[in-house]
Amino acid sequence: MASVDVVIPCYKYGSVLPTAVRSVLDQPGVDVRVLVIDDASGDGSADAARALAEADSRVTVWEHPENRGHIATYNEGLLEWAEADYCALLSADDALTPGALGRAARLMDAHPEVGFVYGRPLHWDGSDPLPAARTADRGWTVYNGFDWLRRRFALGEGCITSPEVVVRTELQRKLGGYDPALKHTGDIEMWMRFALHADVGYLKGVDQAYYRVHAASMSRAYYAVQVADLEQRLAAFSSTVQRAEGILADRDDLDRRVRRVLAADALRRAGRSYDKGNSASDPIDELIEFARSTYPAAELLPEWKTLRLRQRLGVRRARALAPLVLTAPARRVRQHYRAARWARTGV
């Protein structure tokens, strides 16, 4: 039977911590251990963690006398404590779906070349009981790590929220943990770093984790800051390009392509500010500057032309024409089409 160690960092989430811990302890078909690291919450969260440890010997609690921050806490558990066949990081406000660890372990048991496994996250508002999840085995796909990585560059974004991932512990220890310089995109960079050295497993048609969406969520607050989001995504991809030296012959081309994608994203966001009537409050000048500095040929992009058109039209007329602008789902289809075309033709 495969073993899985799960690290649960906790900062002032003692009230919801039991749901996360129970979701791990109730996983069938695997030997599990849980480490809860309380990052000096100071609000009784550590008491809740100790109560869980007293009730089940598989739970261990570490307490920080001073707050060390999320990245240091993540790495402490993954690199200093985890020693099972596989490991996972689960935020204290998230949870695993039934059978998630067993499904991931079976895939990696069958494919030693796979470094990590993920499935779909089920977005959840924290309601009790947990909503029904898709848990029936629907098979899996094993992606060549380089191919999976190139798709990330083609789209300019990650495809993983985090709690749905299970990693081969040997690979985690070999390649390290979260980069402290990437406070908000360290997960994206780490998955891409792993894909430089191992294949990637995907569990089809199942929900692997409950990802809680609420007002206090770090990611929700962060992604409201548009320029910072783009800058951190660029930093994650740039770090991967550097790490790919001697590994990927086309790393310079990948760098150019992702910079184009991110610049276009910045210009698109600036344009949408006019459609929404937010041009006076949104950081349009900063978005334009990001696009120019990231991709020198930004003024040749179609998104540049549509932004300038909106600026000439002005806010009132731009808003009136907003229904004619591509919606977010349609933009996603276009992005995937471009990624597929690049994979086929290289253009």
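The values are calculated or read from the model by the stated rules, or taken from the named source; none is laboratory data. Being a predicted model, the structure only gives us computed values, none of them experimental. A quick note on method: Cβ atoms are made from the backbone with ideal geometry, for glycine too, and the neighbour counts reach across all protein chains shown.
Could you count how many residues in the stretch 30-74 are of a type in the set (S, T, N, Q) and surrounded by fewer than 20 Cβ atoms within 10 Å (Cβ to Cβ)?
3
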**OP:** Could you please tell me which pairs satisfy a Cβ distance under 6 Å, a separation of 6+ or placement on different chains, a first residue in the stretch 10-34 that is over 29 Å from A136 (Cβ atoms), and a second residue that is assigned to a loop (DSSP other than H, G, I, E, B) and not small (G, A, S)?
**Re:** Y11/D39; K12/D43; Y13/D93
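Based on this model, can you work out whether R212 counts as of a type in the set (K, R), modelled with pLDDT under 95 and assigned by TED's automatic domain parsing to the domain that holds D109?
So R212 fits the description; yes.
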Original post:
Just one of A322, A298 is modelled with pLDDT of 95 or more and either within 28 Å of the chain's Cα centre (by Cα) or surrounded by fewer than 18 Cβ atoms within 10 Å (Cβ to Cβ) (or both); which is it?
Top reply: A298
**OP:** Output the number of the condition that G176 fails; it satisfies all remaining conditions of (1) of a type outside the set (F, W, Y); (2) crowded, with 21+ Cβ neighbours inside 10 Å; (3) out of contact with any His (no Cβ under 8 Å at 6 or more places or on another chain).
**Re:** (2)
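Looking at D93, D109 in this structure, which one is touching a residue at least 24 places away in the same chain (Cβ under 8 Å) and out of contact with any strand residue (DSSP E or B) (no Cβ under 6 Å at 6 or more places or on another chain)? Steps first, answer last, please.
On the way: D93 fails: out of contact with any strand residue (DSSP E or B) (no Cβ under 6 Å at 6 or more places or on another chain).
Going through D93, D109 in turn, the sole match is D109.
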Original post:
Can L90 be described as surrounded by 22 or more Cβ atoms within 10 Å (Cβ to Cβ) and in the same structural domain as W191 (by TED's automatic domain parsing)?
Top reply: yes
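Is it true that P28 is assigned by TED's automatic domain parsing to the domain that holds E164, in contact with a Leu (Cβ under 9 Å, 6 or more places away or on another chain) and assigned to a loop (DSSP other than H, G, I, E, B)?
yes
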